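**Q** Below: one structure in C-alpha cells.
None of the figures in this text is laboratory data; all of them are computed from the coordinates on show. Small disclaimer: the values here were computed from a predicted structure and weren't measured. All Cβ positions, glycine included, derive from the backbone under ideal geometry; neighbour counts span all protein chains shown.
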Amino acid sequence: MIVVWLGWGPLALVVLFPPLLLVSFLIGYNPMIAIVAAAASLLLGGILCWFLGRKLNRGSGYHTLYFIPLEKWGVIFILLGVNALGCLAVLFLAAGVFWILKASRAM
C-alpha cells in the first residue's frame, strides 16, 4: 500500500492507530466497552486532528494525507466516532427490546 502525504499529513494516521490498537485489546474482553473506547478515541482524535490541521495549514505549508487536508481528516474521524456511538445506541436498544420481550414471556 502506498501512503501519499504532504507535510505533516501522516499525523492523521498517528491519530487513527491508537483507537484501532485499543479496540483490538478490548474486543475480547467486552465488545461494548471496545465500541465505547473506539468512539471516544475517534472523537478526541478527530478534534485533535482538526485543530492541528487548522493550525498547520494556516501557515505557509499545506499538510495532506491522500490529498485530503489534515483538518478534513479530523472531520472524518469525528463522523466515524459519532457513527460508532450510533451503532452502540442501536445495540443497547436491541438488547433492551430483547430483555423486555423475554421478561413479558416469563409472566
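**Q** Let me have the 222 nm mean residue ellipticity of the chain computed from DSSP H runs of 4+ only, each contributing -39500 (n - 2.57), with the sum over all residues rounded to the nearest 500. Intermediate values should be presented prior to the final figure.
**A** Numbers: 3 runs with 81 residues, N = 107.
The helix-only estimate for the chain comes to -27000 deg cm²/dmol at 222 nm.
**Q** Can you give me the angle between helix 70-106 and the longest principal axis of the chain, using Cα atoms only, in degrees from 0 to 90, rounded to the nearest 10?
**A** 0
**Q** Right, something else. Taking only the Cα atoms of region 55-107, how large is their convex hull per residue, in Å³?
**A** Taking the convex hull of the Cα positions in region 55-107, it is 60 Å³ per residue.
**Q** Kindly provide the Kirkwood hydrodynamic radius of the chain in Å, to one decimal, from all pairs of distinct alpha carbon atoms.
**A** When all Cα pairs of the chain are included, the Kirkwood radius is 15.4 Å.
**Q** Give me Y66, Y29 ranked fewest to most by other Cβ atoms within 10 Å of their Cβ, as a rough exposure proxy.
**A** So the ranking, lowest neighbour count to highest, is Y29, Y66.
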